[in-house]
Each structure stands twice: as structure tokens, then as C-alpha cells.
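Everything below concerns the one structure shown next.
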Amino acid sequence: MAAYDYDLFVIGGGSGGVRAARVAAALGKRVAIAEEYRFGGTCVIRGCVPKKLFVYASQYSEHFEDAAGYGWSVPPASFDWNTLLANKDREIARLEGLYRRNVESSGATILDSRAELVDRHTVRLVADGRIVSADQILIATGGHPSPHPALKGHEHCITSNEAFHLKTLPQSIMVGGGGYIAVEFANIFHGLGVETTLVYRGMKILNHFDDDLRTGLQEAMSNKGIEIVCRAVAEEVVRRDDGRLDVRLSNGDTRTVDQFMLAMGRSPNTEGLGLAAAGVATGPTGAILVDRYSRTNVDNIWAIGDVTDRVQLTPVAIHEAMCFVETAFRNNPTAPDHDLIATAVFSQPEIGTVGLPEHEAAKAFEEIEVYRASFRPMRNTLSGRDEKMLMKLIVDAASRKVVGAHIMGTDAGEMAQLLGIPLKAGVTKDDFDRTMAVHPTAAEELVTMYKPSYRVRKGERID
Ligand code: NDP
């Protein structure tokens, strides 16, 4: 093994790569990790973390409105985009520093350079041309927003990457797409006072989610004043002389906006990595193909996280990293468990979900029970906010297991995290019924829905 410079070379300093490097180094392995940009990856630098900070910022407009019903008179509020950007940048820099320090203290070597494969054991550092060798190589290079080159004028569009650094807050924006990023950013911009339109090709936003969540969120967003245009796509974006954009839609409309943000999926960062030189196989989207242990077709090269396009979520990449270390360095082959991943969409209202949506559960099981509650949460009473909360449990009638839990409303993401544990443990509806409520909370509704709202047998709803 000493024939190689390192036991492990990690390409990519995001959530997955950093975790793998730290844990392997802590085992006493000789580890190097190369990052071409900033440590922290998509999540910390241009994803989850700055997004959540923007979500918090955007919620204040409603908080100020809601305060009146509770007796507060709030002077006319104003918002300064540059203050938000500067504070956000400071926080991201702090986190990036923490990431670096954690890697350093684990004993791994940090290489501030792009790294490309030369062959299955050799890597070239682009910054200084140095060639290093490693016994095992882990690719954790993540992904990037798809630039959607099929759209005429796509070069005038921004993606979430640029949205974090806009010099000025636009007065109007159109967001293309109906997934996580489109929905979250449409709410952020709207909350910050931007006239916001979301254009989505499907019938209803958030494809693949439970239908009640989709309907509930789309209605709530529309009620706030976000225009949602479904069954339409942008066909051409033209930059006008005044710098604004004319967006021609497939439904015949043309809208003029300050910015058009594409949020139509993310693509794996595999271009120019030297995968062909090392003999590593990729799939049709460019994602690296791996087996259930995250091993590529080249047995000393592994890949985790968004570059493998399995489930594009930070905690999944971290989990895959831990499993990789178990498998590669602890002689304990461990396949990542991608079943029952709890997730949140930081829309407004927020969505938290774990397990099967109703339509999938209805296919998977002979009969399901659906428990559903839609109510105005207490916090919206005095404020007068006309926004409902939704809770839904899906139960397999035969085993009584809760196979899906879906929430829309304040703190839905926090609840999804907690619900993820019992669902993973195979909790039954009877366990929910035996659980004492925490009162007064919104979450107590989860343990007080005693009678099914309806059942679905062989795919047919029966009341
Ligand atoms: P998503 O896969 O969530 O959504 C992509 C959207 O773009 C879908 O609405 C899709 O439509 C639409 N789309 C794709 N191709 C086209 C096209 N050619 N023309 C028109 N519309 C198109 O991807 P995002 O970019 O929103 O986010 C990427 C991933 O990042 C997510 O899947 C998620 O895993 C992760 N993420 C997680 C977050 C969280 O945990 N809160 C937050 C942000 C991102 P259709 O549905 O019809 O296919």
C-alpha cells in the first residue's frame, strides 16, 4: 500500500467528500482531499444553508403582518438586500472555515485544486500539475444546476447559483420548474417583495409528492400572490434594450420580467474529470454508475452523493460516505439504505414528508387507510392569517404500519425529521393512537386522528 502516496484520495470537498475524508483519516488512513472551489460544497456554499437563511429572511414580511393581531404595531418595514447578502456571505465563510478546520484536525491533507483522474490510481492536480497516486479514490464532485441549453436565450437566465449573489433584488422574476428549488425560491422572492411567477410544465407543482400536499401548497402560494402558470414552458428568452427579459411561453403569452431563474433539475459534475482515462462508466445523464456499495466498475474507485444521481440530498451523501468508509476501510461491507428518507421542502407553508404518498401506497398495498386533517393552526387565529395546516397519515390496513406521513405547515420539516425515526422503526397506527398528545401544539393532530378519513382498496377509494 505504501507504494501509493495516499490510502485514499477524495475528489470534492462537499458534504459527502469531507465526511469520508475525515472519518477515513480518523482511522489512521493517509487521506488527501482536493477541492477546486470552496469547502462545504453545494449544501454550504450555494444550496441548503444560504437557501434556508433566505427563507428566514423572506418570512419576516408575513411575521410583520401577523404581529398586528397580537397587539403589536410594527412601523413600516423596509428590506435591504445587500445587508442580507453580506450577512449570509459572512455566515457561509464561517461555516466554510469550520469545514476546513474539521478536515485539517482529522489529519487529512487539503489540496486547494481541481483534481482529474489520469488512471485508476493516479490523479493530476490542475493548480500545479502535480501527479499523486492513491490506493482508493472517492469521487464526490456533486452536481450543478442544469443550464437547459434547449431553451432559446438560456444564457440570459440565472440559476440558484446566481440567485445567491444578485447585485440587486429584482422587482419581478419568473422561475422555471416545479420541483424543490423552483418552489422554494418562488416563495423566497415573493416574501422579499418580488413580483413572482412560477412556470411549470405539469398540471400541479411538486410532482411525485402526495397529491394533497401539491394541491394545498399550490393553493397557498397562489393565495399569497405568487402566480403559478402550469402546463406551460418557456420557449424563448430575449434580452430587451432596457435589460429586462421577454419570456415567450408555450401557452402563447409573453411576460416581461427582470430575471428568469431556471430550476429544472441538477446535473452531475463529471465533465473533464478523466473518468474515461480511468475506465469509470457513466450513465446517460453523465452520472457515475455505482453498485449498492458506491463502488464504480473500477474496483478501487468509488463515488457518492449527487455525482451518482441516486437521491440528491445532503444527508444521503453523508450517509453514503459513512457506508463507503465502513466498506472500504473497516472490512464491513455496508450498503447505504435509501428507503424511507424524510425530506422537507422549505416552501411557505413548509412541507415535511416521509414514506409513501397516497397514490404510491395505494399501488403497493391491497388496502390503505388515509387519516387526514386540515385545520387552521392556533398561531393563525389572532393573526387572521387564512392559511391551513395539513396532516396526513397513510396506513397499510393489513399490517397497521404507517407507511407515509405528510405535513404542510409551520415546522413541517422539523416534524418530518422526528416522524422519520418511528416510521423507520416500523411504527403502527396503534402506536400513534397510544401516544399521548403534546398540547397545545399543531403536531398533536398526528396522534389524535383516530378514525380514517377514507380507505383505498385495490386502488379504489371507499369512504
Ligand atoms: P427537481 O427534480 O426537484 O425539479 C425539477 C423540475 O424541473 C421539475 O418540476 C421538472 O418537471 C422540471 N423540469 C425538468 N426538466 C424540464 C424541462 N426540460 N422543461 C421543463 N421543466 C423541466 O430539481 P430541482 O432543480 O428543483 O432540485 C434538484 C434536487 O436538489 C432535488 O431533486 C432535490 O433532491 C435537491 N434539493 C433538495 C432540497 C431540500 O431538501 N429542501 C432543496 C433544493 C434541492 P417534472 O416534475 O414534470 O419532471
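The values are calculated or read from the model by the stated rules, or taken from the named source; none is laboratory data. This is a predicted model, so every value here is computed, not measured. All Cβ positions, even for glycine, are placed from backbone atoms using ideal geometry, and neighbour counts span all protein chains on display.
Structural remarks
- For the range 305-338, the set of residues classified as more than 16 Å from the ligand (Cβ to nearest atom), of a type in the set (D, E, K, R) and free of Cβ contacts under 8 Å to residues at least 60 places away in the same chain consists of Glu326, Asp337, listed by residue number.
- Test: Ala232 is outside any strand (DSSP E or B) and within 18 Å of Ala412 (Cα to Cα): no
Yes or no, residue by residue, for (1) acidic (Asp, Glu); (2) in a helix (DSSP H, G or I); (3) surrounded by fewer than 18 Cβ atoms within 10 Å (Cβ to Cβ):
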{"site": "Ile45", "(1), (2), (3)": "no, yes, no"}
{"site": "Lys52", "(1), (2), (3)": "no, yes, yes"}
{"site": "Ser58", "(1), (2), (3)": "no, yes, no"}
{"site": "Glu65", "(1), (2), (3)": "yes, yes, yes"}
{"site": "Phe79", "(1), (2), (3)": "no, no, yes"}
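- For the range 424-440, the candidate set comprises residues that are touching a residue at least 60 places away in the same chain (Cβ under 8 Å) and either outside any loop (DSSP other than H, G, I, E, B) or under 30 Å from the mean Cα position of the chain (by Cα) (or both); within that set, the residue that is farthest from Ala412 (Cα to Cα) is Lys429.
- Thr215, sole failed condition from (1) more than 11 Å from the ligand (Cβ to nearest atom); (2) in contact (Cβ under 8 Å) with a residue 40 or more places away in the chain; (3) hydroxyl-bearing (Ser, Thr, Tyr); (4) closer than 28 Å to Asp309 by Cα: (2)
- Every pair of residues 6+ apart whose Cβ atoms lie under 8 Å, when the first sits in the range 111-125 and is farther than 17 Å from Ala21 by Cα while the second is in a loop (DSSP other than H, G, I, E, B) and charged (D, E, K, R): Arg124/Arg130; Leu125/Arg114
- Restricting the range 170-201 to residues that are closer than 21 Å to Cys48 by Cα and out of contact with any strand residue (DSSP E or B) (no Cβ under 7 Å at 6 or more places or on another chain), the residue that is farthest from the ligand (Cβ to nearest atom): Leu192
- Exactly one residue among Thr83, Thr141 is of a type in the set (S, T, N, Q) and out of contact with any helix residue (DSSP H, G or I) (no Cβ under 6 Å at 6 or more places or on another chain), and that residue is Thr83.
- Ala443 meets all of the listed conditions (1) closer than 27 Å to Ala220 by Cβ; (2) free of Cβ contacts under 8 Å to residues at least 24 places away in the same chain; (3) of a type outside the set (Val, Ile, Thr) but one, namely (2).
- Single residue of Arg330, Arg295, Arg379 found to be touching a strand residue (DSSP E or B) at 6+ places or on another chain (Cβ under 7 Å), of a type outside the set (Ser, Thr, Tyr) and at pLDDT 95 or above: Arg295
- For the range 298-328, a residue qualifies if it is under 20 Å from Asp135 (Cβ atoms), in a loop (DSSP other than H, G, I, E, B) and aliphatic (A, V, I, L, M), and the qualifying residues are Val298, Ile304.
- Members of the range 13-36 that are over 15 Å from Glu104 (Cβ atoms) and over 28 Å from the mean Cα position of the chain (by Cα): Leu27, Gly28, Lys29
- Positions within the range 243-257 being in contact with a strand residue (DSSP E or B) (Cβ under 9 Å, 6 or more places away or on another chain) and without any contact (Cβ under 8 Å) to a residue 12 or more places away in the chain, in sequence order: Asp246, Thr254
- Figure legend. Inter-residue proximity from the range 200-211: first residues over 8 Å from Arg231 (Cα atoms), second residues within 8 Å of the ligand (Cβ to nearest atom) and of a type in the set (A, V, I, L, M, F, W, C), beta-carbon distance below 7 Å, spacing 6+ or different chains. Indicated pairs: Ile205/Val183; Leu206/Val183; Leu206/Val345.
- Residue among Thr296, Thr343, Thr334 that is surrounded by fewer than 20 Cβ atoms within 10 Å (Cβ to Cβ) and out of contact with any Cys (no Cβ under 9 Å at 6 or more places or on another chain): Thr343
- Single match in Lys204, Lys167 (criterion: away from the ligand (no atom under 14 Å from the Cβ) and either part of a loop (DSSP other than H, G, I, E, B) or closer than 23 Å to Pro268 by Cβ (or both)): Lys167
- Pairs linking a residue in the range 258-277 that is of a type in the set (Ser, Thr, Tyr) to a residue that is in a helix (DSSP H, G or I), with Cβ atoms under 8 Å and 6 or more positions apart or on different chains, are Thr270/Val307.
- Subset of the range 231-254 that is away from the ligand (no atom under 14 Å from the Cβ) and of a type in the set (A, V, I, L, M, F, W, C) - its residue that is farthest from the chain's Cα centre (by Cα): Val238
- The range 150-164 - residue that is over 21 Å from Gly252 (Cα atoms) and surrounded by fewer than 16 Cβ atoms within 10 Å (Cβ to Cβ) and, of those, nearest to the ligand (Cβ to nearest atom): Asn161
- Identification of strands (runs of 3 or more DSSP E) wholly contained in the range 85-146 with 3 or more residues that are within 16 Å of the ligand (Cβ to nearest atom) and surrounded by 17 or more Cβ atoms within 10 Å (Cβ to Cβ) yields 143-145.
- Residues being within 16 Å of the ligand (Cβ to nearest atom) and polar (S, T, N, Q) - total across the range 255-271: 2
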